[in-house]
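Taken together, the values in this text are just the output of simple stated rules run on the coordinates, not laboratory data. Bear in mind the structure is a predicted one, so any value in this text is a computation, not a measurement. In this analysis, Cβ positions are derived from the backbone assuming ideal geometry, glycine residues included, and neighbour counts consider all displayed protein chains.
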Amino acid sequence: MITALAVKSVRNRKFTAGLTVLSIALAVLLLLGVERIRQEAREGFASTISGTDLIVGARSSPVHLLLSSVFRIGNATNNIRWDTYRTLAKRPEIAWTIPISLGDSHRGFRVMGTTPEYFEHFRFARDRRLDLSQGKPFADVHDAVLGADVAQSLGYTVGSSIVVAHGAGDVSFMLHEDQPFRVVGVLARTGTPVDRTVHVTLEGLDAVHADSIGGFPNDPLAAAMRESESTPEHARPGHAHAGDAAREAYSDRTITAFLVGLKTRGSALSLQRLINEYPTEPLTAILPGVTLQELWEITGAAEKTLVAVSVLVVIVGLAGMLVALLTSLSERRREMAILRSVGARPTLVFALILGEAAFLTLAGIALAVAALYLGLFIGQSWLESRLGLFVGLGWPSAHEAALVAMVAVAGVFIGLIPAYRIYRYSLADGMTVRI
Amino acid sequence: MTASCVIELSGARFSWEGGGDAPTVDIESLRVRQGERVFLRGPSGSGKSTLLSLLAGVITPQQGSVKVLGRDIGALSGAARDRFRADHVGFIFQMFNLIPYLTVVENVRLPCGFSDRRRANAQRGGCSVEAEALRLLEHLDMAHNGLLKRPVTELSVGQQQRVAAARALIGAPELIIADEPTSSLDADRRTAFIDLLFQECAREQAALIFVSHDASLAGLFDRAIEFAEVNRAPAGA
């Protein structure tokens with residue numbers, strides 16, 4: 001009877017009630033959406049690297065080293081000498097190492113020189129390994145393996161030929177045109193920066209750089225120097241020749257960083273200290289997990305702002321409901337007086353308004369949750385392909401449930417204000433119908 | 001006090017200020033018998049509505065006693081007064097009597113949702129509450145021309161008042177209180193409405209307190225009371 005009254009009353013004001021529900025739904029949707037994407041972004045970020053115990057680079061800030069080596073953001077300030085790497089890689093506590101060399105690009109995508117160990121030991125997400133969707137890993141010096149995004153957006157497949165440019169920009173003035181790489185494999189999508197990376201062999205990169213030692217190709221002095229130094233074959237190099245060049249350049253080869261897998265995790269801290277205090281070259285070793293945490297502390301402010309804004313939007317949505325309920329009170333005073341005259345208790349009048357607030361809030365929340373899942377269902381592939389975000393359709397997390405519960409409680413609390421007012425009215429008015 | 005006495009006020013004083021220094025209502029004695037039709041006349045602002053609130057148990061006197069059907073209203077708790085009103089009192093307002101989002105029949109049935117006694121009374125003849133509501137509406141000349149299906153907001157004022165009368169009468173409450181129910185009706189309809197109301201009250205053996213400032217109606221009633229003569233409180237206080 002009371003429920004029927006409440007339902008009919010809301011139906012009578014379905015336009016305002018609908019708008020109120022909609023505004024609450026949009027606010028809650030924003031809150032949940034921001035929260036969901038924030039969680040997934042964090043998880044996606046954290047899952048960019050897995051199974052690596054240490055990352056070693058030239059002396060720099062840990063966050064900088066993490067960003068440049070794993071996320072391909074920014075450039076390394078300095079390089080590590082090859083012999084330093086070789087010496088460290090032989091240490092007994094180390095199970096495997098992956099050297100990486102960054103600094104070149106191909107049509108806006110980062111080029112990373114590495115060794116076949118990369119495909120064997122690199123892990124992301126929860127211990128997932130890199131899979132090839134086409135072809136195979138490196139076999140030859142001028143082989144390249146593309147990330148999924150690179151292959152997709154540039155339309156490359158196995159057999160395509162690519163040219164590496166110096167520097168990381170989209171437009172580079174120095175192309176290593178005489179040393180093309182051949183695509184031998186394309187990696188399956190990972191949702192990490194790997195997708196946007198062109199992987200080539202360290203030797204291949206060496207050959208490219210060795211060939212252009214002496215400066216820009218159009219620099220007459222450098223050209224003259226090259227003329228006198230290089231053998232005629234160098235002008236038109238085949239694979240074998242490039243390999244020779246690489247081996248010649250071996251001693252002054254440098255790498256940007258290397259990833260380390262340990263036999264036992266326990267030795268990570270002592271090895272980190274040893275590397276950080278390495279006598280012959282200034283190095284920095286980082287524990288990826290710890291540095292990711294530091295990174296979160298930096299990005300935390302922006303995240304908190306985003307959450308704060310969406311919380312504010314929810315408050316605005318609930319305030320809208322308060323306004324709608326309070327405005328409806330003046331016309332409902334008469335309705336309440338009629339109900340009182342047929343024997344309704346003032347508490348029933350109170351419950352009617354409170355119940356309406358609770359109903360509007362819950363309907364808003366339900367709509368928001370439905371819209372969130374529908375949106376995720378539709379937008380999932382877009383988010384994954386465009387932003388590299390994999391947002392799952394799983395059950396709401398405990399955190400999300402807590403947020404929603406907080407909104408619901410806030411809605412009921414806000415309902416107490418108009419409910420109490422009409423309760424006071426109905427006590428004061430009695431059965432006088434005030435118009 | 002006799003059993004046939006529906007209303008019995010003695011020394012009842014009420015002041016909205018709470019102190020009783022400037023009472024709105026101050027009545028030495030007022031009695032209404034069972035089935036009696038009483039016309040209560042007085043200008044607006046004379047405290048008539050306050051008296052009706054006292055009779056309905058929305059407020060209680062600060063001094064003296066108000067007895068309805070032998071029960072001292074002032075001695076009942078708020079919840080008990082609300083239940084008492086639901087069980088024994090039918091109310092008709094001056095206008096805007098109906099809840100806009102309920103149908104005509106739902107409006108009439110409303111008291112039966114709050115009072116088991118009135119629901120039981122309505123079902124007395126072995127019929128449903130809905131059938132009883134329809135019967136009352138028919139008696140009040142409201143059950144034709146698809147009036148029942150119309151939204152109550154589209155009914156004329158006279159039609160709305162008749163629906164309100166049906167609601168006040170359903171379940172046979174002993175006391176019907178009508179607060180200027182005809183002031184928004186024209187003269188013909190006014191008499192017709194009062195006739196219908198009388199018939200139904202007589203059928204249910206209900207006492208009727210009919211408040212109006214229109215003295216020309218007084219002749220239709222068993223008894224007419226000039227409010228200023230029973231209320232010792234100065235008018236407009």
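Tabulated results
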| read-out | value |
| --- | --- |
| 3J(HN,Hα) from dihedral phi, segment B:164-172, Karplus parametrisation 6.51/-1.76/1.60, rounded to Hz, x for glycine, proline | 5, 5, 4, 5, 5, 8, 4, x, 6 |
| Estimated 222 nm signal from helices in chain B, with DSSP H stretches of n ≥ 4 weighted -39500 (n - 2.57), rounded to 500 | -10500 deg cm²/dmol |
| Mean Cβ count within 10 Å, highest first, over the residues of peptides B:34-43, B:146-155 | B:34-43, B:146-155 |
| Distance cut-off 32 Å, percentage of C-alpha pairs in the protein assembly as shown lying past it | 66 |
| Average beta carbon contacts from partner chains per residue of A:327-340, 10 Å cutoff | 3 |
| Chain B - share of DSSP beta bridges that are antiparallel (%, nearest 5) | 45 |
| Burial ordering of A:Trp82, B:Trp16, fewest other beta-carbon atoms within 10 Å first | B:Trp16, A:Trp82 |
| Listed peptides A:101-114, B:208-221 by packing density, highest first (mean Cβ within 10 Å) | A:101-114, B:208-221 |
| Table column - 3J(HN,Hα) (Hz), segment A:288-304, Karplus curve with 6.51, -1.76, 1.60, x for Gly and Pro | x, x, 5, 6, 4, 4, 4, 4, 5, 5, 6, 6, x, 4, 5, 4, 4 |
| Cut-off under 5 Å, modelled amide H: who pairs with B:Arg37 long-range | B:Leu208, B:Asp222, B:Arg223 |
| Average beta-carbon neighbours from other chains, 10 Å sphere, peptide B:90-102 | 6 |
| Enclosed volume per residue, in Å³, of the convex hull spanned by Cα atoms of segment B:136-228 | 100 |
| Amide hydrogen neighbours beyond the local backbone of A:Ala144, cut-off 5 Å, H modeled | A:Arg182, A:Val183, A:Val184, A:Gly185 |
| Shielding by other protein chains, A:343-349, mean Cβ within 10 Å | 6 |
| Estimated vicinal HN-Hα couplings, Hz - segment A:113-122 in sequence order (Karplus 6.51, -1.76, 1.60; Gly, Pro = x) | x, 7, 10, x, 4, 3, 6, 8, 9, 5 |
| Amide H contacts of B:Gln63 (H built 1.01 Å from N, under 5 Å, at least 5 apart or other chain) | B:Arg13 |
| Cα long-axis angle, helix B:129-139 against chain B (0 to 90 degrees, to the nearest 10) | 90 |
| Listed peptides A:131-137, A:25-31 by packing density, highest first (mean Cβ within 10 Å) | A:25-31, A:131-137 |
